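Okay, structure first, notes after.
The values are calculated or read from the model by the stated rules, or taken from the named source; none is laboratory data. Just so you know, these numbers come straight off a predicted model, no measurement behind them. So basically every Cβ, Gly included, is an ideal-geometry build from the backbone, and we count neighbours across all protein chains shown.
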């Protein structure tokens, strides 16, 4: 539906008549406006059910993101090797997929996809002289090629809504050199390049592409790095903000990027790392 150009900013929420403050508790549906490249305003409903595809959505950050999207009333398709601890939900569909194999079989995607997040990852920290070629290849396959295969399979459905979003995941270790991170930093560095390249290529199709670069987050993947009080305390102290991240915090940023609230952002790598990537504290 095409809406004639408007002369002033329009809040997507109802505004209190006297204070001008948006009233967020109202459950009615409201329209927001997106200015497309032709200068026209496309209307979309911030509260309508949308289809989201979450790879790795059964654990860690992906699980937290799945739960947040379901709580917001959306339909979520989770691609993972096992559904694990996700509770059954009428808007949740599980698609068994293994992104660690050379040519993952991807099927069962919806005809229209409003947002896609690729969350699988790996943490294999070793001294560089002990790293074998297989380690580099495995990290690249899981972190990069898995995302490539999924995006290629989902691309027709991502183009269908006219406005959609892709969220990928990097790591603080790309920007901040860290010992023993050579393999994963190389793979996630490729993700950052892929993010910017696809953002440029897909812009005219209405598909935004961004990445999040978190620091250590308390997930099952990072359990062996945080599985004792001493390890957790040491990791907390390495972050200027004084603690490691939580899956729900990273998922909240991903949810924003997937939504219309992030509709003017593309090609960005956002650092959500407790200050580790930019700050140095002196005793």
Quick check on residue 134: is it surrounded by fewer than 15 Cβ atoms within 10 Å (Cβ to Cβ) and either within 22 Å of residue 210 (Cβ to Cβ) or in contact with a strand residue (DSSP E or B) (Cβ under 9 Å, 6 or more places away or on another chain) (or both)? no
Given (1) surrounded by 15 or more Cβ atoms within 10 Å (Cβ to Cβ); (2) over 14 Å from the mean Cα position of the chain (by Cα); (3) in contact (Cβ under 8 Å) with a residue 60 or more places away in the chain, index of the condition residue 220 fails: (1)
Can we say residue 195 is assigned to a helix (DSSP H, G or I), within 15 Å of the chain's Cα centre (by Cα) and over 18 Å from residue 239 (Cβ atoms)? yes
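A quick yes/no check of all residues on (1) within 30 Å of residue 137 (Cα to Cα); (2) assigned by TED's automatic domain parsing to the domain that holds residue 148; (3) modelled with pLDDT under 95; (4) surrounded by 14 or more Cβ atoms within 10 Å (Cβ to Cβ):
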residue	(1), (2), (3), (4)
30	no, no, yes, yes
55	yes, yes, no, yes
58	yes, yes, yes, yes
83	yes, yes, yes, yes
88	no, yes, yes, no
110	no, yes, no, yes
Anything in region 98-108 that is over 18 Å from the mean Cα position of the chain (by Cα) and under 24 Å from residue 64 (Cβ atoms)? List them, or say none. 98, 100, 104, 106, 108
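Each row is one residue, and each column tells you yes or no for (1) more than 23 Å from residue 80 (Cβ to Cβ); (2) in contact with a strand residue (DSSP E or B) (Cβ under 8 Å, 6 or more places away or on another chain); (3) at pLDDT 95 or above.
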site	(1), (2), (3)
144	no, no, yes
165	no, yes, yes
177	yes, no, no
199	yes, yes, yes
Does residue 95 fit the bill of being surrounded by 13 or more Cβ atoms within 10 Å (Cβ to Cβ), modelled with pLDDT of 95 or more and over 24 Å from residue 253 (Cβ atoms)? yes
Mind telling me which of the residues 209, 244 ends up being more than 21 Å from residue 59 (Cα to Cα), touching a helix residue (DSSP H, G or I) at 6+ places or on another chain (Cβ under 7 Å) and surrounded by 13 or more Cβ atoms within 10 Å (Cβ to Cβ)? 209
Where residue 173 falls short, out of the listed (1) under 25 Å from residue 252 (Cβ atoms); (2) modelled with pLDDT of 95 or more: (2)
